[in-house]
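Below is one structure; the comments refer to it alone.
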Amino acid sequence: MAENIYETIDNSQKSGGIDIMKYLFKALRFWYLFVISLILAYFIAYWTNKFAIPVYALNTTVLVKKGAGEEAYAGGLQVFTRSKDLVTEIGVLKSFMLTRNALQELNFETSYFRDEPYRSNYEVYKQSPFTVDYDSIHSQYFYMPVYVVFLDSANVRITIEDLDFTANHNIKDTFEYQNFKFKINRRDTLHFNSNFVGQKYFFLRNNYNSLARAYQERIEIEISPEGSNILWIWLEGTNPNKDADYLNKIVEIFIKQGLDEKNKKITDIINFIDQQLLGVSDSLQESEGSMQYFKEENQMLDLSLESQQLLIRLNELQNRIVNQRYKLGYYKSLITEINSSKDAATLTAPSVMGVDDGILISYLQNLGEAITEQKLLDFTVKGDMPIAREVKMKIKNAQSQIVSHAASTLKVTEEMLENLKKELKETERDVAKLPASERKIIGIQRKFDINDEIYTMLFTRRIEASITQKSNKPDAESLDPAFPFNAVRQSHDTGANTRKALMFGFILPILFIVIKEFTNHKIEDKADVEKGTKTPIIGSVGRNTKESNLPILDHPKSPISESFRAIRTNLQYILRQKEQKLIVMTSTVSGEGKSFVSANFAAVLALSGKKTLLVGLDLRKPKLQNEFDYPKNIGLSSFLINYNTFEDVIRPTKHENLFVALSGPVPPNPAELIESEKMLEFITLAKSKFDYIIFDTPPIGIVTDALLLAEYADSYMYIVRQNYTHKNALKLLDEVTKTSAVKNLNIILNDAVIASGYGYGYGYGYGYGYGYGYGYGQGYYDDDHTHKRERSIVRKLKKLFKNSK
């Protein structure tokens, strides 16, 4: 029943989980950490927002006309073009050469920056007061900053920190130093803004190859919406104006390259037709002249019906022979071009030579796609990578298919040509039977008709090709150019930065409190004691803020005095019999306030009218002797060795009911003295003369002197000091209870200072009968107005980190 009295008033607060209220009140206790952290976080966010260079995302959209790129026609001539697969087009847009060409056309060779405090890499695209012209035939440093400060409209100070060089320079002259040779020009040649004087800029020369690779890494391309032919090209950077120019330029070059590719193929066809027309035109004029001359000489106007039929037959056979020869020559030429590894984009289309071969056309398209894929991979992966080897194998397979097909077609063509020649000879034998004049004119007419037909066909194709060239349109178009005002801010969002910083500033103290809690192995409050041991708590003692070590006597109305009175009240439930008088005070280690509690507890018993004896049993390291002004050569040790009598060692104090028996001289064998018969004699005499005997004993975590009194003691008071005693020390109590004859073991929590509102109540949280958690008792005792809580943040921080060690 007695133990129930010492249980916590509100047992509902005890649980096996995390004590949320405990952490909440800890957070309130360290409110100043939250204030400091939030203020620092806000200023860090403000500093970042003010000086950080924001990153923007900019985009442009391109429509790829997928079907237009699969095949095109110049008149009736089929022209092979690059397949407009969207993945391929994305590879082209991100290719190294296209990127490099765009950078060169934009003249991104030089980057200009304004050297500002805390952000020296602030690029001023087209806003610097000067431009730089490098001497192209002179060696120049790459990526070495050259600082420029205008002294006036014509003079600048040039500084090259990497070369430890500084000099004034007139911009009319060419600057030359080591591997630098350039000329500085004012961007505005007509006017000079005096605000530029004194401002510090710097520029550096870029390497186009390195710059192209950097832009390749920055650019992102996606198909949106999915399944469409629209490409969204994104670029992130710190200068929207510069990025917009770059995006628009690569789209411009991409569209122009596609159109140039189509026009080049048609131009090649036109040039080929023109060369053929030159030869056919001469032959046609010669045949026409021969026929006119023959008719005038022989006065012939028309051929006979038989001759006309033979002529038609001869022309038909001759045309078929010519076509087969063209076909034969084309396939031989194609095999030669393939074997010479000629680019598929420059291979002669079969339709140009009058060859209609669907299988060959599909093989050539496969070869063209494979070669295009290889070119794209050349800019992104090494040639020994598996994907690159796979593409090379595709090219070889396509070439092998073309050569094999061409070879088999050659045999068939040669056989057809031989058959046509035989038919031609038979027809010529029929012509030989005609009269000589008709035979001759048939020969002339045959030559004329063949040349005329070829010329007409070529000329028609020439006109159709020219029309196709003039009407050619690109296979892609820009839908939405990139505009700087459409840039989306990606980083350094001022509002988001501030919110994140304040959130971090709020979380950081919480993390600190939690980490401090989990790494702190000291007893912080009563809850820690209750979790660590089953030994009941008889009360708690607040922190002594008085100069006196006996506040119960010198300040009887102080809060700490009230806490000792509460313990005295609870003691009545333990020592119910009159013969129960002997109380042993002990602790785990030195420094837990055992002697302080012993002296004041003895004093509070004396104040209640009980005759009380305080005995200093710490014979090894006595401390009570410092509190009472008595000679140190007389005490309990001198009594135990029969040097002094009981009356000699009992000393009165300024309070009539309080007496002390100090330790006396330090003996060499304190444990033996405590176990001697003289100790029993001392206890017997003390019980006969006093209502209570309080023994101040050594810490049981160091020596076992206190346990030697177990058979005499009526109660043990175990002193635990807040933020000092280790939590593992509580395990010692349970071991003592199990392995010794200690009776009525109770705990006193010393130096208890917990924030108001949680734990032990007002200021000190004294006792269990008063003001638990509500500050009850104000006005019933004199609060010490000289004691002020530590309000200095610096002092709080020092104390905080000191306790966390």
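The values are calculated or read from the model by the stated rules, or taken from the named source; none is laboratory data. Worth saying up front: this structure is predicted, and the values here are computed from it rather than measured. Cβ atoms come from the backbone with ideal geometry, glycine included; neighbour counts cover every protein chain shown. Protein only, heavy atoms only, side chains kept; ligands, DNA and RNA dropped before computing areas. Shrake-Rupley method; radii C 1.70, N 1.55, O 1.52, S 1.80 Å.
For segment 480-515, backbone nitrogen atoms closer than 16 Å to the point 7 Å from Trp47 Cα along Cα-to-C-beta are found at 498, 501-502, 505. Other residues with beta-carbon under 12 Å from the beta-carbon of Pro670 carry, at +1 per Lys or Arg and -1 per Asp or Glu, a net charge of -2.
Accessible area per residue was computed with a 1.4 Å probe on protein heavy atoms; Thr131 scores about 40 Å².
Asp274 to Arg187: extension gain in nm, 0.36 nm per residue of separation minus the Cα-Cα distance? The partial results should precede the final answer.
Details: separation 87, 0.36 × 87 = 31.32 nm, distance 5.05 nm.
26.3 nm is the gain from fully extending Asp274 to Arg187.
In the context of the full set of protein chains, residues of segment 126-217 present 55 Å² of accessible surface per residue (probe radius 1.4 Å, heavy atoms only). With both labels modelled 7 Å from their Cα along Cα-to-Cβ, the Ile467 to Gln104 distance reads 3.9 nm. The slack in the chain from Arg389 to Lys534, taken as 0.36 nm per residue of separation less the alpha-carbon distance, amounts to 44.6 nm.
Computed over protein heavy atoms with a 1.4 Å probe, the accessible surface of segment 473-569 works out to 50 Å² per residue.
Using only Cα atoms, locate the centre of segment 215-274 and the centre of segment 17-64, then give the distance between them in Å, rounded to an integer. With segment 215-274 and segment 17-64 each reduced to a Cα centre, they are spaced 42 Å.
Treat every Asp and Glu Cβ in segment 136-212 as -1 and every Lys and Arg Cβ as +1, leave all other atoms uncharged, and give the resulting dipole magnitude about the Cα centre to the nearest 20 debye. Show your work: numbers first, answer last.
On the way: 8 positive and 7 negative charges, 48 e Å.
In total the dipole reaches around 240 debye.
Using the 1.4 Å probe convention, the accessible area of segment 657-703 works out to 39 Å² per residue with neighbouring protein chains retained. In this simple spin-label model, placing a label point 7 Å from the Cα along the Cα-to-Cβ direction at both Leu502 and Val87 gives a separation of 4.9 nm. In a simple Cβ point-charge model (Lys, Arg +1; Asp, Glu -1; nothing else charged), segment 138-180 has a dipole of about 140 debye relative to its Cα centre.
What FRET efficiency would be calculated for the residue pair Ile641, Lys516, taking the C-beta separation as r and a Förster radius of 35 Å, to the nearest 0.05? Please report the intermediate quantities before stating the final value.
Working: r = 50 Å, r/R0 = 1.43.
Step by step, r from the Cβ atoms, then E = 0.10.
Relative to the Cα centre, the charge distribution of segment 200-289, modelled as +1 at Lys and Arg Cβ and -1 at Asp and Glu Cβ, gives a dipole magnitude of about 760 debye.
Stretched out straight at 0.36 nm per residue, the stretch from Glu217 to Asn728 would grow longer than its current Cα-Cα span by 178.1 nm. Using a probe of 1.4 Å, the accessible surface attributed to Phe506 totals some 110 Å² when neighbouring protein chains are kept in position.
What is the sum of charges around Glu217, taking Lys and Arg as +1, Asp and Glu as -1, for the other residues whose C-beta is under 12 Å from the C-beta of Glu217?
Numbers: positive: Lys94, Arg213, Arg218; negative: Glu220, Glu236.
Within the 12 Å Cβ shell, the charges total +1.
Projecting the Cα atoms of Gly609, Ala599, Leu553 onto the charge dipole of segment 506-619 (Cβ charges, centred on the Cα centre) puts Gly609 farthest toward the positive pole.
All other residues with a Cβ under 10 Å from the Cβ of Thr131 taken together, and with Lys, Arg as +1 and Asp, Glu as -1, what is their net charge? Spell out each step's value before the answer.
On the way: positive: Lys126, Lys183, Arg186, Arg187; negative: Asp133.
Net of charged neighbours comes to +3.
Annotation: Phe196 carries an accessible surface of approximately 50 Å², with a 1.4 Å probe and no ligand, DNA or RNA atoms counted.
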